[in-house]
Amino acid sequence: MSASKTDRRTLIGAGVLAAGAGLVASATTARAQDTAAAKWTPGFEEQDAWMDIPGTRHRMVYDTISADAFGEALFYAKNYYVANESGYGLKPEALGIIVIARHMSTPLAYADAAWAKYGAGFAKMMQLEGANAELAKTRNPMFAAKKGEDQGMQAGANISALAAKGMRFAVCGMATAFIAQAMAKDAGMSADALEAELKANLVPGAVIVPAGIVAVERAQQHGYAFAYVA
């Protein structure tokens, strides 16, 4: 066989390989483009629009399911405000903070008016003890400090002080319905009526959400960094 024929066959073979490689590359690129086009992005629901606080540069959400966790979340939120101002010069209005009250932390998002009427039942359900159990007889134990009380490091870590800075609360609607059903008989009213009363008596900055666990997801989709407080 002549050298020229061998060269032609070699060139033809190389061309076939190159064409095949081109087809593989094209198919790979097409698949990548299809994958990019099909990339999932979250949908935004109108009910969650309250989470988009105008002017916020940074966002943080704390998830709580117990009274102790709720109290710790307030302390962490206070520190978040303090550290951002001292370390970055950022004022509270530049920070979006949400505390989620669900499961057994839910009653702590109810206002003093609700606690004055149903506080004993809340305290029993939440297994509050000591000073908090005593305060629960007349008001939300985490709403504000008692007059003249020396709180030390906990100073300012209460609902009233933090809500004044713009902090919001996502209140579990499912837990509220459960609490109303559990307490309705002792309260001498229907579960629906008690549920409506609780939803009408929330702390400042609180929003009833369908379920606290849904708010956990939605907040992260709206750009909030997540912290679970145990």
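Any read-out appearing in this document is the output of simple, stated calculations on the displayed coordinates, not a laboratory observation. If you're wondering where the values come from, they're calculated on a predicted model, not measured in any experiment. Cβ atoms come from the backbone with ideal geometry, glycine included; neighbour counts cover every protein chain shown.
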- Query: If you take the C-alpha gyration tensor of the range 179-223, multiply each eigenvalue by 5 and take the square root, what semi-axes do you get, largest first, in whole Å?
  - Reply: 28, 12, 6
- Quote the charge dipole size of the range 105-230 about the Cα centre in Debye, to the nearest 20; the model charges only the Cβ of Lys and Arg (+1) and of Asp and Glu (-1). 180
- Item | Per-peptide average of other Cβ atoms within 10 Å, ordering 42-51, 115-124, 219-228 highest first | 115-124, 219-228, 42-51
